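> This is the structure I want to talk about, given as structure tokens.
The values are calculated or read from the model by the stated rules, or taken from the named source; none is laboratory data. Because the structure is a prediction, the values reported are computed rather than measured. Note that each Cβ is placed from the backbone with ideal geometry, even for glycine, and that neighbours are counted across all protein chains shown. The protein model used for the area step is the full one, side chains on, heavy atoms only, and it has no ligands, DNA or RNA in it. Shrake-Rupley method; radii C 1.70, N 1.55, O 1.52, S 1.80 Å.
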Amino acid sequence: MSVDAEPIVRLTLPDGSTREVPTGTTGLAVAASIGSRLAKDALAIKLNGRVLDLARPLLESGPFEVVTPSHADALEVYRHSSAHLTAHAVKRLFPGVKIGIGPAIENGYYYDFDPGRAFTPEDLEKIEAEMKKIVAENAPIERLEMPKAEAVKIFSDLNDPLKVEIIESIPDDHVSCYRQADFIDLCRGPHVPATGKLGVFKLTHTAGAYWKGDERNPMLQRIYGACFLSQKQLDEHLARLEAARARDHRKLGKELGLFVFHPWAPASPFFLPKGAMVYNLLVQFMRELYVKYGYQEVVSPQVFDADLFKKSGHYSNYKENMYFTEIDEREFGVKPMNCPGHFLMYASQAYSYRDLPVRFADFGRLHRYERSGVTQGLTRVRTFCQDDSHIFCSIDQMPAEMDRFIDLIDEVYGTFGFSGIRVGLGTRPEKWMGKIENWDKAEKALASAFEKRGRDFFVNAGDGAFYGPKLDFQVTDAIGRPWQLGTLQVDFANPDNFDLVYTGEDGAKHRPVVLHRAVLGSLERFFGILIEHTAGNFPFWLAPEQARVIPVSEKLNEYAHEVCTALVQAGLRATVDRRNEKLGAKIRNGELEKVPALLIVGEKERTSETVSLRKHGAGDLGSRSLAALIPDMLAATKSRSLNWGVPKEALTH
RNA sequence: GCCGAAGUAGCUCAGUCGGUAGAGCAGCUGAUUCGUAAUCAGCAGGUCGUCGGUUCAAGUCCGACCUUCGGCUCCA
């Protein structure tokens, strides 16, 4: 509190008008003077860019806004207050429970507790009911500022050692607490003025969480709450979760017969014939682009003497993620990345500046040990392959290589219909190697590649690889979720380690730069993302079964077979459903299996050399001559068209 | 790895108080020969994740392990 405060503070309202009030007037009073409705809706105020409690005395002049539910800053305050509400209810129901922290997060909030035992789903119901009661009580929420010693006493008396620990770690002399009825919590605030303002929440699940996120600390029980400003928004959020579950790649992968797992190969997918088809088509797609973008594919070993990984730095920086084996009394490591092998291949030949850039692409299988609790479906596995490449170029060629890479990224992501590409720049992490001036140079070069194109990027401090900074490419899927796919990592360190050189124009040896890059990233993970993005409705070119011929009865099996043969001979993936079933059943099956084209053939079609076309999700489209349909399908395949035979609703963003 | 939950037929799931395991779909066989999202009937299908324990008796209770799922950054 400023001692030499002016007697008057001047507030600039969003409409540009100004208002002068005595210093110390509360935000609520100002809101009330503007309008009673505004005061009723007010959750907080914002002065000079800081969100404050309604009851806070105003001590400085500046831009002033009333934070109502429609204000951009309302949600965080509301969620944070709702987190306190959860803690309040827990303290009432389980007096022995110690409280941790409870911040607002995306879609809601969480609160960490040390309950001495895990919360059960029944506990959550009780807590929710108690929360509703506290809302009905409409208890005022007040801010209390006090010396640290006083706060320590309060929380010691309440048997809340975690709170005491936090207070003691705060550098200021004073701390703030918030009190609502019989509950008090250490908190910076701000909060809504009373518990009656709250009420739109749902406790969704519990989970273990380490105190302060550090696994050396004891594990607490975290309660997650979904929380929004209106019931409608909360319902929509819960519906979105439901929709996301419906397109879960693990569920669809099983239903569509794409892949399976087995306990004897934990976190390692087995791609069934249909899944392998999609997988290989993805590889084929990248191979075609490699020709266009000047890459050369190589094939490299799986297992290397551990000395290689000592040289590459993996042994000291990545060992805990690697598989090792011993044979002939030598220690071998299974490769977790292709790069060390590529360095040996580069070093095996003499390159001149005329040869550069050299772009080695490799679909080699990689193995990385992931801790048992972190694996997940196809998105986090222990064996996978990347659309991996290492580009060896001169420093001068780096900008052109980045341009070329960004073009490739755009072409690939566009083909799959991903939108909203975002780029993150990962800077020097804690574990790093090389020269610091090279790091700085590379970080600048990556940033300028995007600035030059007028594209946004954001900085992920400390998120670089141990051998250099990197760019990460993030896309948005069909239901708005972000996924990190491509990456480009600059490596100044390994060319030194492996003494990689090229002969320059001047006849002298020069050091190339290595760019590690992938577009899809892990093919396994990309496959999983693609399943969720398309909800299993693969674009025509990727569909494992593009067309299914359905005879209306067994009498038409022969003609169906002829049609199928024509399709297969044209290079399409087609089958015949020759089961002894009624037409409706076969169609239902084809639709459930998301086959893009169902070709129904009956007597009519046989005599006219046609098929009745039913596109997946689009229903019956009537008869087509086979002679016209086949080229149409081939064109959709060749052009990798996004929407042939894909239901409209699967394409909406 | 840690906290919590789950694992029963190929799939989705039921199985009460511990008393010798059930449905639907899929599969197979037969009948039906059918025009745009499920034809009917019959048959077959199981070391209840694995190992150990308690018990006259274990899918069920206890323990260990395996696998899968939800989490473990979002700093009062």
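> Quick one: how many residues across the range A:367-396 are without any contact (Cβ under 8 Å) to a residue 60 or more places away in the chain and either under 30 Å from A:Lys444 (Cβ atoms) or away from RNA strand B (no atom under 16 Å from the Cβ) (or both)?
Final tally of qualifying residues: 1.
> For the range A:98-128, give me the residue count where each residue is open to solvent by 10 Å² or more (accessible area, probe 1.4 Å), over 27 Å from the mean Cα position of the chain (by Cα), within 9 Å of RNA strand B (Cβ to nearest atom) and aliphatic (A, V, I, L, M).
Result for the range A:98-128: 1.
> Let me ask something else about it. Would you be able to tell me the number of residues in the range A:268-277 that are under 24 Å from A:Asp477 (Cα atoms), hydrophobic (A, V, I, L, M, F, W, C) and either assigned to a loop (DSSP other than H, G, I, E, B) or in contact (Cβ under 8 Å) with a residue 12 or more places away in the chain (or both)?
If we filter the range A:268-277 for residues that are under 24 Å from A:Asp477 (Cα atoms), which is where we start, we get A:269, A:271, A:274-277.
When the remaining residues are screened for being hydrophobic (A, V, I, L, M, F, W, C), the result is A:271, A:276-277.
Filter again for either assigned to a loop (DSSP other than H, G, I, E, B) or in contact (Cβ under 8 Å) with a residue 12 or more places away in the chain (or both), leaving A:271, A:277.
Summing the residues that are under 24 Å from A:Asp477 (Cα atoms), hydrophobic (A, V, I, L, M, F, W, C) and either assigned to a loop (DSSP other than H, G, I, E, B) or in contact (Cβ under 8 Å) with a residue 12 or more places away in the chain (or both) in the range A:268-277 gives 2.
> May I ask you to list the residues in the range A:280-337 that are open to solvent by less than 90 Å² (accessible area, probe 1.4 Å), polar (S, T, N, Q) and under 19 Å from A:Phe392 (Cα atoms)?
Passing the criteria: A:Ser300, A:Ser312.
> Scan the range A:347-366 and give yes if some residue there is in a helix (DSSP H, G or I), surrounded by fewer than 18 Cβ atoms within 10 Å (Cβ to Cβ) and either charged (D, E, K, R) or at positive phi (or both), otherwise no. Steps first, please.
Going through the range A:347-366, the residues in a helix (DSSP H, G or I) turn out to be A:347.
Adding the requirement that they be surrounded by fewer than 18 Cβ atoms within 10 Å (Cβ to Cβ) leaves A:347.
Now narrow it down to the ones that are either charged (D, E, K, R) or at positive phi (or both): none.
No, the range A:347-366 contains no residue that is in a helix (DSSP H, G or I), surrounded by fewer than 18 Cβ atoms within 10 Å (Cβ to Cβ) and either charged (D, E, K, R) or at positive phi (or both).
> Which condition from (1) in contact with a Cys (Cβ under 9 Å, 6 or more places away or on another chain); (2) without any contact (Cβ under 8 Å) to a residue 24 or more places away in the chain is the one that A:Leu234 breaks?
With (1) in contact with a Cys (Cβ under 9 Å, 6 or more places away or on another chain); (2) without any contact (Cβ under 8 Å) to a residue 24 or more places away in the chain applied to A:Leu234, the lone miss is (2).
> How many residues does the range A:401-439 hold that are open to solvent by 60 Å² or more (accessible area, probe 1.4 Å) and either touching a Cys at 6+ places or on another chain (Cβ under 8 Å) or closer than 27 Å to A:Pro336 by Cα (or both)?
Going through the range A:401-439 one residue at a time, the tally reaches 8.
> Now, a different point. What's the number of the condition A:Glu558 fails, among (1) in contact (Cβ under 8 Å) with a residue 24 or more places away in the chain; (2) open to solvent by 20 Å² or more (accessible area, probe 1.4 Å); (3) of a type outside the set (A, V, I, L, M, F, W, C)?
Unmet for A:Glu558, out of (1) in contact (Cβ under 8 Å) with a residue 24 or more places away in the chain; (2) open to solvent by 20 Å² or more (accessible area, probe 1.4 Å); (3) of a type outside the set (A, V, I, L, M, F, W, C): (1).
> With respect to A:Val260, is the statement that it is among the β-branched types (Val, Ile, Thr), open to solvent by less than 30 Å² (accessible area, probe 1.4 Å) and either touching a helix residue (DSSP H, G or I) at 6+ places or on another chain (Cβ under 7 Å) or within 12 Å of RNA strand B (Cβ to nearest atom) (or both) true? Explain how you work it out, then say what you get.
On the way: among the β-branched types (Val, Ile, Thr): yes; open to solvent by less than 30 Å² (accessible area, probe 1.4 Å): no; either touching a helix residue (DSSP H, G or I) at 6+ places or on another chain (Cβ under 7 Å) or within 12 Å of RNA strand B (Cβ to nearest atom) (or both): yes.
Criteria not met by A:Val260.
> If you go through the range A:567-582 one residue at a time, do you hit one that is under 17 Å from A:Arg614 (Cβ atoms), open to solvent by less than 30 Å² (accessible area, probe 1.4 Å) and basic (Lys, Arg)?
no
> Just to be sure, is A:Pro596 more than 10 Å from RNA strand B (Cβ to nearest atom), touching a residue at least 24 places away in the same chain (Cβ under 8 Å) and under 30 Å from A:Arg365 (Cα atoms)? Steps first, please.
Working: more than 10 Å from RNA strand B (Cβ to nearest atom): yes; touching a residue at least 24 places away in the same chain (Cβ under 8 Å): yes; under 30 Å from A:Arg365 (Cα atoms): no.
Spelling it out, it is not the case that A:Pro596 is more than 10 Å from RNA strand B (Cβ to nearest atom), touching a residue at least 24 places away in the same chain (Cβ under 8 Å) and under 30 Å from A:Arg365 (Cα atoms).
> Residues that are under 27 Å from A:Phe416 (Cα atoms) and assigned by TED's automatic domain parsing to the domain that holds A:Asn643: find the helices (runs of 4 or more DSSP H) completely inside the range A:541-632 holding 1 or more of those. Reasoning before the result, please.
On the way: elements: A:557-569, A:583-592, A:603-608.
Per the criteria, A:557-569, A:583-592.
> Count, please, the residues in the range A:127-147 that happen to be under 21 Å from A:Gly225 (Cα atoms) and in contact (Cβ under 8 Å) with a residue 60 or more places away in the chain.
Initially, the range A:127-147 is screened for residues under 21 Å from A:Gly225 (Cα atoms), giving A:127-139, A:141.
Restricting the remaining residues to those that are in contact (Cβ under 8 Å) with a residue 60 or more places away in the chain gives A:127-128, A:131-132, A:134-136, A:141.
Qualifying residue count for the region: 8.
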